[in-house]
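Shown next, in structure tokens, is the structure this report addresses.
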Amino acid sequence: MKRMMAVFGVALCAASLSPQAHGASPAACEQGDAEACRAHGLRLEYGDGVPQNGPQAMQYYDRACRLGDGDGCAGVARILFNGDRGVPRDDGKAYPYAVEACKRNSTDSGCYIAAFIAFQGQGVPHDRDAGHDLMMHGCKIKDPAACGYGANIYALGRFGFQADGRMAFNFADRGCGIRRPAAAEACYIAGWLVSGELGISADIPSAAIYFERSCIMGEAAGCLNAATMLHRSQGIEAAGDKILSLYRQACDKGLAAGCTWTGFAHLEMGDVEAAKTRYREGCQGGDASGCYGMAVALAKQGRHLDGRDWTARACDMDNASACEYLAALDRHKSELQAHREAVAAYQAKVAAVTAALEEADFRRAIHLAVEQLRDRQQAARVIVAAENAGRIGDIDDIYIHTLRSWFATTHSTADAIVHRELKAIKQAEKASQRQFRITPTRNGPPALPGGLAERMAEHSERTYRENLNRYLAGGRPADPRVYRVLE
């Protein structure tokens, strides 16, 4: 909900003129027709059929004022007060014209301008009592801007007046009922009050009506809050089209938050692309929630990391939720990068296994699969490939021992090959042990049969290495030399 504005601001425009007045000519003004003077001043002020010319417009308004037309006086005050149309702002010169317009019961913002200048003390001495009287008189004669100003003063407790919700609502309700563009602020304040502010009982349907009137009269925040009230009370499913229309009007009137909420409504209705368009407009308009909403919409499409820059923009605008999400995204990005690197390294080693198999280098292939990858699938792949090639003997005994429990539940073919080879290794070891026979000699130590000494040395070295590797792999070495090496 938009908060009350600390300084009252209303777009001051001339009241509409009758068709007869629009047809009046400068000549009629020269002949003393006050309404013709004012009508031509209006055309000059807004460039209606003639080149826009603020100073000349003031001259025609001034002539109308001197001929007794209160709205003519208000026209001079308005141009001087707004400080546009090529005329610099001058509250001191605007004040007497505004007071004269109010005295002549002009409802064209004269009382509001006079009250504002008196309260603010800009260009004239500050006069709280005069400002209050001018404001009260203006609202009484149905000057919507004066009613809105009174509502603002009592809602905020300004200029020494105590905040009074009931007084503020009386001003706002009367001003909103006038149904002119200058009543936009009065309608907005009425909606704000009946949403449950300053002791006024909450009436959400009535608040939505006041806000929508404000929207119709050009107040972008009124469009936004009317949509918010309907969104809260009825929901998208019940009033989606109207809610979306009001949000869109707030956006189109230049309110960045309106664009963001339009995006939110689109997202809730399932139109992610439309949501992204409006979120982008909200972000570009300076609304942090629009930037964050863009990231949320991208996440809906599974593009979480694509939303990082939008999330960072929202975080830079002090959106706490965006900052938390940004930290999570960065953690995810780091983890994802680490995962990608691990996958790439794994794939490179698998490729190396494949290359070794293509070259029928089964020793290198099993080494890569077991020592570097420690991957059961790749090890099974090598064992089966070696078996199919009739080269299972190329696999060192130490790997056969290592793999004895790798494939029990996952690779039955490889498991059968490994256990077959284990059985063969054990049988070979028993046969080798039976060959060792020592015969005594008469002179010196017993002699070994021819060639047996070399075979024993070779066997000792091989079993030593096997036991050492088994120890490192978690086995129980039988060779006491392993312990001595480790010590």
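Filter the stretch 429-444 down to the residues that are surrounded by 11 or more Cβ atoms within 10 Å (Cβ to Cβ) and part of a helix (DSSP H, G or I), then identify the one that is modelled with the lowest pLDDT.
Here the residue is 432.
Out of the stretch 63-79, which residues are more than 18 Å from residue 27 (Cβ to Cβ), buried (at least 18 other Cβ atoms within 10 Å of the Cβ) and over 48 Å from the mean Cα position of the chain (by Cα)?
Residues satisfying the conditions are 65, 70, 71, 73.
Would you mention how many residues in the stretch 258-310 are over 22 Å from residue 241 (Cβ atoms), free of Cβ contacts under 8 Å to residues at least 12 places away in the same chain and among the hydrophobic types (A, V, I, L, M, F, W, C)?
1
Of the residues that sit in the stretch 42-53 and are in a helix (DSSP H, G or I) and of a type outside the set (A, V, I, L, M), which one is nearest to residue 89 (Cα to Cα)?
45
Out of the stretch 23-41, which residues are part of a helix (DSSP H, G or I) and either surrounded by 24 or more Cβ atoms within 10 Å (Cβ to Cβ) or among the charged types (D, E, K, R) (or both)?
30, 35, 36, 37, 38, 39, 40, 41
Based on what the data block shows, is residue 170 among the polar types (S, T, N, Q) and open to solvent by 10 Å² or more (accessible area, probe 1.4 Å)?
Yes: the conditions hold for residue 170.
Please name all residue pairs, on different chains or six or more residues apart, with Cβ atoms under 6 Å, provided the first residue is in the stretch 199-226 and is charged (D, E, K, R) and the second residue is outside any helix (DSSP H, G or I) and open to solvent by 20 Å² or more (accessible area, probe 1.4 Å).
No pair meets every condition.
Quick check on my filter: what residues within the stretch 37-95 are on the phi > 0 side of the Ramachandran plot and among the small types (Gly, Ala, Ser)?
Those that are on the phi > 0 side of the Ramachandran plot and among the small types (Gly, Ala, Ser): 47, 49, 68, 83, 86.
Looking at 243, 200, which is the one that is more than 20 Å from residue 148 (Cα to Cα), among the β-branched types (Val, Ile, Thr), in contact with a Leu (Cβ under 6 Å, 6 or more places away or on another chain) and open to solvent by less than 40 Å² (accessible area, probe 1.4 Å)?
Of the residues listed, the single one that is more than 20 Å from residue 148 (Cα to Cα), among the β-branched types (Val, Ile, Thr), in contact with a Leu (Cβ under 6 Å, 6 or more places away or on another chain) and open to solvent by less than 40 Å² (accessible area, probe 1.4 Å) is 243.
Rundown of residues vs (1) of a type in the set (Phe, Trp, Tyr); (2) open to solvent by less than 10 Å² (accessible area, probe 1.4 Å); (3) farther than 17 Å from residue 62 by Cβ; (4) modelled with pLDDT under 95, yes/no style:
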site	(1), (2), (3), (4)
85	no, no, no, yes
94	no, yes, no, no
116	yes, no, yes, no
122	no, no, yes, yes
133	no, no, yes, no
140	no, no, yes, no
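Could you list, ordered by first residue, the pairs with Cβ atoms under 8 Å in which the first is in the stretch 35-51 and more than 15 Å from residue 63 (Cα to Cα) and among the hydrophobic types (A, V, I, L, M, F, W, C) and the second is open to solvent by 20 Å² or more (accessible area, probe 1.4 Å) and in a helix (DSSP H, G or I), at least 6 apart or interchain?
50/43
How many of the residues in the stretch 45-55 are open to solvent by less than 50 Å² (accessible area, probe 1.4 Å) and within 46 Å of the chain's Cα centre (by Cα)?
The total comes to 4.
Could you list, ordered by first residue, the pairs with Cβ atoms under 9 Å in which the first is in the stretch 378-395 and within 24 Å of residue 347 (Cα to Cα) and part of a helix (DSSP H, G or I) and the second is open to solvent by 60 Å² or more (accessible area, probe 1.4 Å) and aliphatic (A, V, I, L, M), at least 6 apart or interchain?
none
How about the stretch 360-384: which of its residues are buried (at least 20 other Cβ atoms within 10 Å of the Cβ) and among the small types (Gly, Ala, Ser)?
Hits for the stretch 360-384 are 365, 369, 379, 380.
Which one is least open to solvent (accessible area, probe 1.4 Å) among residues in the stretch 398-419 that are in a helix (DSSP H, G or I) and at pLDDT below 85?
If we take residues in the stretch 398-419 being in a helix (DSSP H, G or I) and at pLDDT below 85, then 405 is least open to solvent (accessible area, probe 1.4 Å).
The values are calculated or read from the model by the stated rules, or taken from the named source; none is laboratory data. If you're wondering where the values come from, they're calculated on a predicted model, not measured in any experiment. Neighbour counts run over all protein chains shown; Cβ positions are idealised from the backbone, glycine included. For accessibility, only protein heavy atoms count, side chains too; no ligands or nucleic acids. Shrake-Rupley method; radii C 1.70, N 1.55, O 1.52, S 1.80 Å.
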